[in-house]
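The values are calculated or read from the model by the stated rules, or taken from the named source; none is laboratory data. In this text, all values refer to a predicted model and were calculated from it rather than measured experimentally. So basically every Cβ, Gly included, is an ideal-geometry build from the backbone, and we count neighbours across all protein chains shown. Ligands, DNA and RNA are excluded from the accessible area calculation, which covers all protein heavy atoms including side chains. Shrake-Rupley method; radii C 1.70, N 1.55, O 1.52, S 1.80 Å.
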Amino acid sequence: MERFEYIKEKINRFGQGHLLSFYNVLNPKEKEALINQINEIDFEDIEIASSQLSIPLNNKREIVPIEYESVLSLTDSKRKMYEEHGLKLLKEKKVAVVLIAGGQGTRLGHDGPKGTVSIGVSSNQSLFALQAERLQKIEEKTKSIIPWYIMTSPINELETKKFFKDNDYFNCNPRQIFFFKQELIPTLTTNGKIILESKSKISMAPNGNGGVFASMKSSGILKDLKMKGIKWVFFNNIDNALVQVADPLFIGFADKKGTEVSSKSVKKREPGEKVGVFCLSEGKPSVIEYSEMSKEESEGEKFTNANIGIHLFQLSFLEKTMDVKLPYHFAHKVIPSVNELGQTIRSIEPNGYKLEKFYFDIFQYAENMSVLQVIRENEFAPVKNRIGLDSLETARKMILQNNKRDKF
Ligand code: UTP
């Protein structure tokens with residue numbers, strides 16, 4: 001009872017008293033589950049997040065495009081030099097890979113983690129299988145084993161692990177693969193109230209790919225990387241069907257540049273393409289999402305160097321920034337929620353926000369950053385939607401075209 005009164009006082013203090021609206025009609029098990037869930041929530045963090053909800057878009061910040069080098073401009077000897085340098089670092093076991101796979105893939109609507117979806121180019125090839133295959137190609141070339149860290153979320157963790165096990169870890173050594181989990185955070189109404197999904201359950205969603213840094217710290221991965229003597233950590237998303245995992249050219253490029261962070265980019269398909277672009281914001285390396293730019297900025301000719309979610313971080317940079325609190329971004333979504341009668345309903349229009357941290361928000365803490373612009377047709381086939389643009393079908397076509405060009 002004492003515990004209940006304490007919790008009630010706490011949530012009232014944070015303006016979230018409605019979480020107990022149906023408490024009296026719950027059975028003892030449900031009561032316990034709800035109280036446990038409330039106990040897990042960092043209400044101060046939620047308060048900070050909801051205060052960011054009402055901050056208008058800062059269009060006054062000074063942004064200029066960031067410098068980049070294009071692979072097309074590399075001479076043969078420079079390309080070879082970068083590649084050989086990258087291979088050397090891989091042979092010396094200085095590189096680890098982090099695969100970001102904690103998302104829910106709501107747009108794709110696939111039943112299961114996005115990595116389990118089959119691209120089906122030849123046999124039943126899942127996105128996880130494709131990435132494992134590419135990692136192994138580099139391992140064969142360098143006669144080394146590359147540690148592979150895979151971020152899941154509490155929502156897709158078990159299914160992801162089972163998929164790996166059922167597929168014999170795609171011929172990887174199970175001991176080179178390390179799973180870790182990002183955290184969940186409550187979803188919010190447009191007024192900053194935490195959403196109840198049912199009478200006894202708070203609606204929770206993964207805290208965005210930017211949750212990766214806190215989870216790498218809390219799961220001991222940063223320490224593990226240090227112990228292994230890793231210098232560069234290669235990050236990539238699950239949903240790029242053409243990603244060149246642990247690309248030696250990119251690793252060599254980043255190391256020769258000597259920057260704390262390095263990213264791959266592609267040229268925007270057309271000025272209005274809905275992607276984030278690399279820039280210096282108030283002098284600091286940044287990616288600005290299309291939704292956070294004015295129309296002139298996002299559709300003009302100035303910012304055309306698009307982020308494709310492939311990055312290299314020096315481990316020393318990750319250690320330096322591991323306690324930084326990244327800001328939240330708000331994704332307006334349809335979120336199942338309970339009505340006054342205690343029934344769970346799904347509205348047609350977006351009714352609330354998922355709170356997401358983006359991992360590129362860490363760039364602003366880097367002293368310097370280098371960007372390598374690559375060829376979209378060779379390296380970027382995002383699988384976001386069920387049909388149409390950036391879908392399984394477009395990714396499949398791009399892989400086939402690449403195979404014809406003998407790239408993979
Ligand atoms: P997206 O932002 O495209 O999200 O993810 P998503 O979950 O795949 O798809 P939608 O938006 O629900 O349709 C880009 C990358 O970030 C990862 C995804 O797994 C993907 O690799 N991600 C996203 C996370 O790891 N955690 C998250 O909370 C969100």
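Some notes on this structure:
- Of 91/165; 201/295; 114/404, those spanning more than 32 Å from alpha-carbon to alpha-carbon: 201/295
- Against the chain, whose longest principal axis is taken from its Cα atoms, helix 28-40 shows a tilt of about 50°.
- Put simply, the Cα atoms of region 66-107 extend 44, 29, 17 Å along their principal axes, the longest span coming first.
- Cα centroid of region 375-392 to Cα centroid of region 164-194, whole Å: 22 Å
- Alpha carbon centroid spacing (whole Å) that separates region 22-99 from region 324-371: 12 Å
- Semi-axes of the equivalent ellipsoid of region 78-127 are 33, 15, 10 Å, computed as sqrt(5λ) over the eigenvalues of the C-alpha gyration tensor in descending order.
- Helix 127-142 vs. the chain, principal-axis angle (Cα, 0 to 90°, nearest 10): 40 degrees
- Taking all Cα-Cα distances within region 283-408, those exceeding 18 Å account for 72%.
- Kirkwood Rh, Cα atoms: Rg over Rh of region 307-349: 1.30
- The Kirkwood hydrodynamic radius of region 1-113, based on inverse pair distances between different Cα atoms, is 21.0 Å.
- Farthest toward positive dipole pole in region 118-211 [+1 Lys/Arg, -1 Asp/Glu at C-beta], among 195, 119, 146: 195
- Nearest 10 degrees, 0 to 90: helix 76-91 Cα axis against the chain principal axis: 60 degrees
- Two-decimal ratio, region 118-252, of alpha-carbon radius of gyration to 2.2 N^0.38 Å: 1.23
- Solvent-accessible surface ranking, highest first, for 345, 308 at 1.4 angstrom: 345, 308
- Förster-model FRET efficiency, 60 Å R0, residue 36 and residue 173, C-beta, rounded to 0.05: 0.95
- Cleavage-rule hits, GluC sites (Glu not before Pro), region 248-334, DSSP coil, Cβ neighbours within 10 Å at most 13: 282, 301
- At most 14 other Cβ within 10 Å, DSSP loop - trypsin sites (Lys or Arg not before Pro), region 349-393: 386
- Cα extents of the chain along the three principal axes, largest first (Å): 72, 51, 43
- In region 309-352, the trypsin sites (Lys or Arg not before Pro) that fall in loop regions by DSSP, at most 14 other Cβ within 10 Å: 325, 346
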